[in-house]
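First the structure, in the form of structure tokens, and then the observations on it.
Every number in this text was worked out from the coordinates using simple rules, so none of it is lab data. As the structure is a prediction and not an experimental result, all values here were calculated from the model. In this analysis, Cβ positions are derived from the backbone assuming ideal geometry, glycine residues included, and neighbour counts consider all displayed protein chains.
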Amino acid sequence: MSTVLHAAPEAEPPSTTVSAEASCEGQVDRTMAMAHLPAAAHVALIGHHTLPLLLALLRHGCGAVRCLRPGAPSPDCEAVDLAWIVNLQGDGELDEALRAARGRIGTTGRVMVEGAGCTCQGGLSSIRDHAAAAGLDVVAFDHKANRLMLAARRHLAMAA
């Protein structure tokens with residue numbers, strides 16, 4: 001008598017690509033809502049490892065998306081509705097990214113800074129100081145996602 005053992009088929013482990021895509025989709029939805037931007041907004045991603053967010057933004061329906069590296073030359077200076085800063089490596093890159101973002105958002109655009117991927121010295125509190133030096137003010141803070149929303153500083157003239 002012979003016995004044949006059949007191994008149960010192994011379950012495939014969950015795909016990290018699928019979970020990463022879902023995470024990026026959630027980030028995009030939350031960020032666009034926080035910035036009060038339409039799906040067709042123009043976005044500049046500034047930082048490192050931006051491809052997953054780029055793809056999520058395109059799937060979301062963004063009209064134009066470009067990726068920039070801090071400190072790298074950029075041939076265009078096209079205005080954007082949102083400059084999204086991600087995965088920075090130090091205070092120098094933060095300053096470069098904030099200057100690039102400030103130059104692209106004009107008076108009505110927004111800048112989103114992801115604090116989780118930023119290896120800056122003082123964390124989110126130092127990002128606020130760097131932003132102020134670049135002419136940006138904090139307009140919102142997402143505690144859950146560890147991110148800051150910035151806008152161009154508005155100078156108010158006091159009437160005498």
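Relative contact order of region 19-152, please, whole-number percent, based on alpha carbon pairs below 8 angstrom and at least 6 residues apart.
21 percent
With N set to the number of residues, divide the alpha-carbon radius of gyration of region 19-152 by 2.2 N^0.38 Å and report two decimals.
0.93
Excluding residue 39 itself, what net charge comes from residues whose Cβ is under 14 Å from its Cβ, given Lys and Arg +1 and Asp and Glu -1?
The answer is -1.
For the pair residue 107/residue 132, report the inter-label distance in nm, with labels modelled 7 Å from Cα in the Cβ direction.
It works out to 2.4 nm between the two label points.
Run the quick spin-label model on residue 40 and residue 139: label points 7 Å from Cα toward the beta carbon, then report their separation in nm to one decimal.
In this crude label model, residue 40 to residue 139 measures out at 2.1 nm.
As an exercise, use a Förster radius of 25 Å and the Cβ-Cβ distance of residue 89 and residue 29 to find the FRET efficiency, rounded to the nearest 0.05.
The pair residue 89/residue 29 has a calculated efficiency of 0.40.
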